[in-house]
Amino acid sequence: MTIRRNLAINPALGVDDTTWFPSAWDRITGAHASLPRSTAFRGAAAPSSGQIAMTRAAVTAGKYYVVSVSVRFIAPCASGQMNIDWYTGGNVFLSPSTQGPTFSQAANTTNRFAVLGQAPVNAVRLTGTLNDITGEAQVTAYMVEEFDTLPEAEAALAYSVLGANYFDGDTPGAVWDDGTPGQGTSTWDTDPPTTGLTVVDTPAAFGLGVRTSRGTGAADLLPPFASTGLFATATYDDRRGRIRLDIQGLAQEVIRVIVYSRAKGTSRWRPVRGGKVAVAAGTTVRRVDDYEWQAGRGVEYRIDALSSPENVQPQAVVQTAFADLEDTLDQSWLKFIPAPHTNLKVEIIADLHELAQESRNVVHRVAGRSDPIVVTDVHDSVSTTVRFATHTEADRLALKRALTQGAPAFLQVPESVPFPSMYVAIGSIRARRIGKARNGRTYITEVQVTEVAPPPPSVVGSGMTWAILLEQYETWGEVLEAFETWGEVIG
């Protein structure tokens, strides 16, 4: 069993509406049947500000909070927005508030909205607000839940938009914490809805959509999130050797985002390949995948959301968010920039290797003088032989296919391995089996490589295609063994 707490006081106006705003609205006991509770806050006409402030909840700075509420729209609403306002103990507003994207609703519709925020320094309480609500509406079933970590809060955000998820002290099995029905916080010993792969209505979840995660790694947001409303999550995908960024909370005026990264402990930001993404209807048209981070140490990301087109001045940054991945694992990878579906984990034998740089100097011997004249130039890039170990025939063949496909490669090596990371051109390949056992399958593959410049930023991996699928797999049975879902095929 899981203990859940709704930190909102007077969450469904069961007794009165004294903690709700504005006073021009009133409490009703015959709310629409589509709402989770029969009592609600109703406005016969929109207040002058168009804002509804729900009841308050106590918070702790640094904790994560998911705030949700159900609304019945009697009249249409063109561009509403749900926010979280943070306050100090002296009831001083900490500006700016955490903002969710705008939403629109037709007349005579019911929906539930949720927004996630991290309490900033000095915050003692919060108030959830609905802004720019026009016409008549009914509001109830307000809930505030607290979480220690961002992944827990994100999972809760996915199911907080379900009306059936709402609870207070009147829910069977739950209790009002102070013993007064309809007032105060409430506690429920229950199991939350199933998390994991969750599909929800996109507008209600503010662009959450379908969320999946693979591999390991914990995502922690840096402090600027608390003051922007925009936030991102970084998840390590061990299948492709990539860090996948999900971006949420984009303001209505944002038309594109740019993603930058840097290794932890460094100061210089670099653009992420494929990190310039267009925004449509408040959602990025695709995820951002980073394959070229520095392995074996943490990485930080900065996401700038802009309202101006590319190459148009000024490039006003509307919102900025940060994501943080603490550990990217001590694993060597051989990656192919235009063909990430062929990325391979590799075992490098790095005890003995030689890094050579040939000279480009030209020496001219002049008749009649002993000392020659030399024309100097920079040395060539590094050339070396990389030795990979494979322990099964299937692994050897996979390495062979990857090396011979003709794609530019990125050898990504963590700091714990005494071999440099580099972009390389693949040269001659030789493989030999070691060991005397008849069934021995350990091979050493020697690959001559030359360090080259990275591909231009315009070169971005396209993932799996039908042509590639037909080339690599002979039967549907092999495809089903390699992939669990269609999402993995195109991912």
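Taken together, the values in this text are just the output of simple stated rules run on the coordinates, not laboratory data. Because the structure is a prediction, the values reported are computed rather than measured. Every residue, glycine among them, receives a Cβ derived from its backbone with ideal geometry; neighbour counts consider all protein chains shown.
Would you work out which of THR404, VAL449, LEU334 lies farthest towards the positive end of the dipole of the stretch 333-460, given +1 charges on the beta-carbon of Lys and Arg and -1 on that of Asp and Glu, about the Cα centre? Of the candidates, THR404 comes out farthest on the positive side. Normalised radius of gyration (Cα atoms, divided by 2.2 N^0.38 Å) for the stretch 2-182: 0.96.
What separates the Cα centres of the stretch 334-384 and the stretch 14-80 is a distance of 68 Å. Computed from Cα atoms alone, the Kirkwood hydrodynamic radius reported for the stretch 219-325 is 13.9 Å. The gain in end-to-end length when the VAL459 to LEU397 segment is fully stretched comes to 19.7 nm, 0.36 nm per residue minus the alpha carbon separation. Summary of packing: across the peptides 59-70, 353-364, the per-residue average of other C-beta atoms within 10 Å ranks them, highest first, as 59-70, 353-364. Other residues whose C-beta falls under 14 angstrom from the C-beta of SER359 contribute a net charge of -2, scoring Lys and Arg +1 and Asp and Glu -1. Fraction of C-alpha pairs exceeding 19 angstrom in the stretch 333-460: 57 percent, rounded to a whole number.
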